[in-house]
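Readers should treat all values here as calculations from the given coordinates under stated rules, not as data from a laboratory. If you're wondering where the values come from, they're calculated on a predicted model, not measured in any experiment. Methodologically, a virtual Cβ is constructed for each residue, glycine included, from the backbone with ideal geometry; neighbour enumeration extends over all protein chains shown.
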Amino acid sequence: MNNATIADMFDQLADLLELDGANGFRVRAYRNAARTIDALPDSLEEMIADESQKLTDLSGIGKDLAEKIRNIVETGELKQLEEYKAKIPADVMKMLRIPGLGPKKVAVLFYELHLKSLDELKHAAENNVIAQKKGFGKKTEQLILEGLEHLEQSGSRMYLADAKPFVEQILADLRKLKSVQQAEVAGSVRRLKETIGDLDILATADDPAEAMDFLDNHPQTDKVLARGETKQRVRFKPLVRCMTPDGNRLRLEMDLRVVPTASFGAAMQYFTGSKEHNIVTRRLAQQRDLKLNEYGLFREDDEESVAGETEEAIYKTLDLPWIPPELREDRREFDWAESGDLPDLLTVDQIRGDLHMHTTATDGKLTIEGMIEAARERKRKYIAITDHSKRVVMANGLDSERLLAQWDEIRKIRENYSDIDVLCGIECDILEDATLDLPDEVLAEADFVIAVLHYGLKQPRDVIRERLLNAIRNPHVDMIGHLTGRMIGVRPGADVDFDDVFKAAADEGVLMEINAHPARLDLDDVRAAQAKDHGIPIVINTDAHSAGGMDLMEWGVYQARRAGLSKKDVANTGTAKQFLKLLR
């Protein structure tokens with residue numbers, strides 16, 4: 001039972017309580033508890049096991065909440081949450097994830113219009129039923145229809161950041177079996193896609209039954225859906241936080257396949273995918289009078305196996321170097337491979353700086369010193385403190401006076417550190433009228449300025465274009481952060497004219513960010529590759545609001561790898577001096 005799951009339970013309960021018209025104090029108590037838990041560096045399970053630590057010492061955690069946390073850890077459930085879920089349909093919970101629909105509006109839809117399913121909600125919106133209610137209107141109906149379409153497209157998928165650690169623990173447990181020689185993850189997890197539908201593990205074993213018995217009895221297994229001599233499908237308990245916008249965490253399903261050692265490489269290549277990549281490899285095999293499938297690479301005339309034990313042998317027989325799984329999407333990997341230009345993909349340990357983070361001055365959890373110390377612990381050589389500008393009222397954004405005072409404080413504090421450079425920065429909103437949230441004379445004093453879209457994401461394409469171009473042309477803006485503003489599976493991004501924006505950024509020397517937060521990963525892999533084509537240096541940042549938030553860097557690096565980026569393409573792999581030279 002990880003901290004994220006417990007925080008998610010409290011967040012869900014807060015939504016349900018607010019929807020049900022509960023006292024605002026109770027709602028805030030659960031939301032505050034969720035934020036506290038999500039930012040904890042230590043496991044709640046370990047804290048409970050350690051008698052010297054008290055949950056009530058945590059900010060916002062009183063005796064009642066501490067007891068609820070203990071019950072969750074012991075039973076895997078929050079009784080009050082389950083009671084509300086039984087009372088309020090799951091589809092009503094999904095309505096909460098539609099942009100523009102908060103608990104109060106969903107309460108009207110549920111209690112007054114008696115809409116209990118997404119189909120009923122769609123029908124009501126299409127027939128102008130919702131617009132008749134006070135506080136809604138035609139615009140709200142349009143937002144609902146767009147939100148419903150996005151929910152349908154997002155499907156039942158979860159973040160890579162949730163799925164990868166989970167499956168790696170299953171692998172670690174599986175590898176402890178004496179009969180198992182190899183066990184590896186395949187599928188979209190191995191390709192490091194930003195969202196995951198289900199899991200695939202391949203293994204070789206002297207006794208396949210032992211491996212499958214192990215999975216039958218694994219503490220995370222809820223149900224065995226199918227089992228044969230060498231293949232098994234299981235459904236896991238809902239212990240991993242799901243990114244899909246519904247009221248229930250996704251129950252992950254996984255296929256375990258035990259294959260012969262002679263076929264392991266072929267199976268890994270086949271089940272890693274993608275489908276599009278495999279279509280090309282099969283065609284290349286046919287051109288050489290060979291047949292490629294999950295069992296191996298065979299001569300078509302006599303079925304003789306020519307490769308199969310390793311992926312390297314498969315690709316070598318097809319006259320190709322081994323292609324990293326992240327690139328296997330049939331985009332450019334075959335052209336690169338055939339010309340000998342496969343990129344040397346970026347690695348996490350090559351990142352030296354983190355140029356997007358927040359402190360207690362706005363909505364962060366740590367002081368300036370706290371964030372500096374957290375960065376030093378992670379061997380960062382330079383950072384930028386970039387709290388929100390004043391437009392982000394909900395985060396207590398900084399006006400000019402507070403920002404200048406913060407920069408004075410940063411300049412004093414950084415004199416105490418010789419092993420890390422600390423830049424005075426700001427995450428400055430690009431307002432709906434295309435102006436910036438702070439005056440030029442203030443921005444001119446910054447070391448590093450990030451311009452971002454937070455509001456007005458549904459404005460027309462030409463308006464979004466002018467907002468971004470105006471920011472890019474401002475001489476004080478160094479980087480555009482999380483360009484589209486998307487939240488994966490929850491909110492689509494702005495309609496960005498990428499060609500014009502990237503061309504302008506390249507002309508003006510403005511950097512582009514891959515925001516490493518698993519809910520953003522913005523730029524996505526396709527657009528990051530497009531930015532690289534324009535010659536724009538990429539900066540991968542964590543957008544950290546706590547010490548633990550700095551550990552999100554790996555997910556941004558994975559997105560960069562899928563884009564085919566190398567160390568030379570990422571600005572914050574250089575020294576602080578080299579990075580600063582890139583800024584205009």
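How compact and how long is the chain, expressed as Rg and Dmax of its alpha-carbon atoms in Å?
Cα-based Rg and Dmax for the chain come out at 25.6, 80 Å.
For a 20 Å ceiling on Cα separation, which of these pairs sit above it: 291/316; 116/223; 85/105? Intermediate results must be reported in sequence, preceding the final value.
Details: 291/316 15 Å; 116/223 29 Å; 85/105 18 Å.
Cα-Cα > 20 Å for 116/223; rest within.
How much net charge surrounds residue 444 when only the other residues with a Cβ under 14 Å from the Cβ of residue 444 are counted, with Lys and Arg +1 and Asp and Glu -1?
Details: positive: 584; negative: 440, 441, 445, 447, 478.
Overall, the nearby charge balance is -4.
Rounded to the nearest 20 Debye, what is the dipole magnitude of region 1-143 about its Cα centre when Lys and Arg each give +1 and Asp and Glu each give -1 at the C-beta?
On the way: 21 positive and 24 negative charges, 202 e Å.
In total the dipole reaches around 960 debye.
Let me have the relative contact order for the chain, percent, based on Cα pairs under 8 Å that are six or more residues apart.
Values: 1087 pairs, mean separation 59.5, N = 584.
Answer for the chain is 10 percent.
Taking just the C-alpha trace of region 3-153, give me its Rg and Dmax in Å.
So, for region 3-153, Rg and Dmax equal 18.0, 60 Å respectively.
Along the charge dipole of region 429-497, pointing to its positive end and built from +1/-1 on Cβ of Lys, Arg, Asp and Glu, which listed residue (476, 444, 489) has its Cα farthest out?
Looking along the dipole axis, the top candidate is 489.
Mind listing the Cα extents of region 275-361 along all three principal axes, in Å, largest one first?
71, 26, 21
Based on the Cα coordinates of region 158-339, what is the per residue volume of their convex hull in Å³? Spell out each step's value before the answer.
Numbers: hull volume 21.1 nm³, N = 182.
Spelled out: Cα convex hull of region 158-339, divided by residues, is 116 Å³.
Among 260, 98, 425, pick out the residue whose Cα is farthest towards the positive end of the charge dipole of the chain, where Lys and Arg carry +1 and Asp and Glu carry -1 on C-beta, about the Cα centre.
Working it through, the farthest residue towards the positive pole turns out to be 98.
Would you mind computing, in nm to one decimal, how far apart the modelled labels at residue 112 and residue 54 are, each placed 7 Å from Cα along Cα→Cβ?
Output for this residue pair reads 4.6 nm.
Once you charge only the Cβ atoms, +1 for Lys and Arg and -1 for Asp and Glu, what is the size of the charge dipole of the chain about its Cα centre, to the nearest 20 debye?
Values: 80 positive and 105 negative charges, 228 e Å.
So the magnitude is around 1100 debye.
Just from its helices, what would the mean residue ellipticity at 222 nm be for the chain, if runs of 4 or more DSSP H residues each count -39500 (n - 2.57) and the sum is divided by every residue, rounded to the nearest 500 deg cm²/dmol? Please report the intermediate quantities before stating the final value.
Working: 24 runs with 241 residues, N = 584.
Result for the chain: -12000 deg cm²/dmol, rounded to the nearest 500.
So what's region 348-582 giving for Cα Rg divided by 2.2 N^0.38 Å, two decimals?
Numbers: Rg = 16.1 Å, N = 235, 2.2 N^0.38 = 17.5 Å.
Compactness ratio reported: 0.92.
Taking 8 Å as the Cα distance limit and 6 or more residues as the minimum spacing, I'd like the relative contact order of region 185-344 as a percentage. Write out the running numbers ahead of the final one.
Details: 278 pairs, mean separation 31.7, N = 160.
Worked out over region 185-344, it gives 20 percent.
For residue 164, list the aspartates and glutamates whose Cα falls under 13 Å from its own Cα; do not include residues on the same chain fewer than 8 positions away.
Within reach: 184, 194, 198, 200, 554.
Starting at 0 and stepping by 10 Å, how many percent of the alpha carbon pairs of region 436-527 end up in each bin?
Final binned percentages: 17, 51, 30, 3.
Relative to the compact-globule scaling 2.2 N^0.38 Å, provide the ratio for the alpha-carbon radius of gyration of region 306-443. Display every interim value, and only then the final one.
Working: Rg = 22.8 Å, N = 138, 2.2 N^0.38 = 14.3 Å.
Compared with the compact-globule rule of thumb, region 306-443 sits at 1.59.
If the viscosity is 0.890 mPa s and the temperature 25 °C, what Stokes-Einstein diffusion coefficient in µm²/s follows for region 9-63 when Rh is the Kirkwood radius over Cα pairs? Mind dumping the intermediate values first?
Numbers: Rh = 12.1 Å.
Approximately 203 µm²/s, per Stokes-Einstein.
Of 104/458; 139/237; 237/379, which sit over 31 Å apart, Cα to Cα? Before the final figure, lay out each step's value.
On the way: 104/458 22 Å; 139/237 40 Å; 237/379 37 Å.
In this structure, 139/237; 237/379 lie more than 31 Å apart at Cα.
Near residue 564, within a Cβ-to-Cβ distance under 9 Å, what is the net charge of the other residues, with Lys and Arg +1 and Asp and Glu -1?
Numbers: positive: 331, 332, 532, 561, 562; negative: 326, 333, 525, 569.
Residues close to residue 564 contribute a combined charge of +1.
Please compute the Cα-Cα pair-distance distribution of region 47-125 with 5 Å bins starting at 0, giving whole percents from short to long.
3, 13, 18, 15, 10, 12, 12, 9, 5, 2, 1, 0
I'd like the Kirkwood hydrodynamic radius of region 99-194, using the inverse of the mean 1/r over distinct C-alpha pairs, in Å. Present the calculation step by step, with values, prior to reporting the outcome.
Working: mean 1/r = 0.0597 Å⁻¹.
About 16.8 Å for region 99-194.
Suppose every Lys and Arg Cβ carries +1 and every Asp and Glu Cβ carries -1, with no other charges. What dipole size does region 291-432 come out with about its Cα centre, to the nearest 20 debye?
Roughly 1240 debye for region 291-432.
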